[in-house]
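Worksheet: one structure, shown below.
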Amino acid sequence: MEMSNHIKTALKVETIIDLDTLYDRAFNVLKEAVHNGSKNFGLATGGTMLPLYERIRNSELDFTQCESVNLDEYVGLPKAHPESYISFMKQQLFNEKPFKKSNLPNGEAQDPHEEAARYEALLQKMKLDFQLLGIGENGHIGFNEPGTAFDSETHVVELEESTRIANARFFNSLDEVPTKAITMGISSIMRAEQILLIAVGEKKRTALEALLKGEVTEEIPVTILKKHPNVTVLTDLVI
Ligand code: PGA
């Protein structure tokens, strides 16, 4: 499904070269959402989120009346593995800033497809107020790799080699990086009322350029955000 390059977009792009300032701004966008009554938060993992979660841990924000859903989880990695996304979230956020309820796909489920359906049913019942997003070097959001249908719901994905290589830095070797994941679909992400996308570092330039200057195409999943009414993009890249 290709669309015209000339669609009107409501993207709010803020280019902030200094990373401390950029992450202070990210924290403030989130804090404002909390103060404005957001209750259900879509959370993300990945290196991009670390300075933001550090700011949240050190803040007064209280999520004990809020619920969280995470974008994705590796399939087949034990929950206790330090690189599972449930472990990441506990270490980076939940241990210090618990939510009333936190949801992630269960990467240890016997039938990952059934688990994806369970997760989708949960998302369908929820009004997602705020979604945090990083961006893959290949333009993925969540683990929605290039070519994923824009109307996709939660599903099991085969990770691209480039994604596994990008994430190998967190594991002892490339072989240890799981080959599959369960990810929230693009349609679930697009249902969020408000989205905060953080794209930091040269490696994200091509994907960000596609979002800011390219056409909306399923070949570069992040480009769908052009069609969302309330997305803030924070980047240190001058495009
Ligand atoms: P990163 O991952 O924050 O580790 O770069 C982002 C992503 O793949 O969505």
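Within segment 75-90, take every residue that is in contact (Cβ under 8 Å) with a residue 12 or more places away in the chain and touching a helix residue (DSSP H, G or I) at 6+ places or on another chain (Cβ under 7 Å) and give me the one that is farthest from residue 50 (Cα to Cα). The residue in question is 75.
Scanning segment 32-77 for residues that are touching a Lys or Arg at 6+ places or on another chain (Cβ under 7 Å), surrounded by fewer than 17 Cβ atoms within 10 Å (Cβ to Cβ) and assigned to a helix (DSSP H, G or I) gives a single hit, 57.
Where strands (runs of 3 or more DSSP E) fall entirely within segment 100-183, those with at least 2 residues that are modelled with pLDDT of 95 or more and farther than 25 Å from residue 220 by Cα are at 101-103. Residues that are among the β-branched types (Val, Ile, Thr), under 30 Å from residue 111 (Cα atoms) and more than 13 Å from the ligand (Cβ to nearest atom) within segment 42-91 comprise 69, 75, 86, listed in sequence order.
Specify the residue that is nearest to the ligand (Cβ to nearest atom); the eligible residues are those in segment 204-222 that are under 17 Å from the mean Cα position of the chain (by Cα) and within 15 Å of residue 234 (Cα to Cα). Checking each candidate, the answer is 204.
In segment 145-176, how many residues are in contact with a Leu (Cβ under 9 Å, 6 or more places away or on another chain), within 16 Å of the ligand (Cβ to nearest atom) and among the polar types (S, T, N, Q)? Qualifying residue count for the region: 1.
The values are calculated or read from the model by the stated rules, or taken from the named source; none is laboratory data. Computed from a predicted structure; not experimentally measured. Glycine gets a Cβ as well: all are built from the backbone with ideal geometry, and neighbour counts include every protein chain shown.
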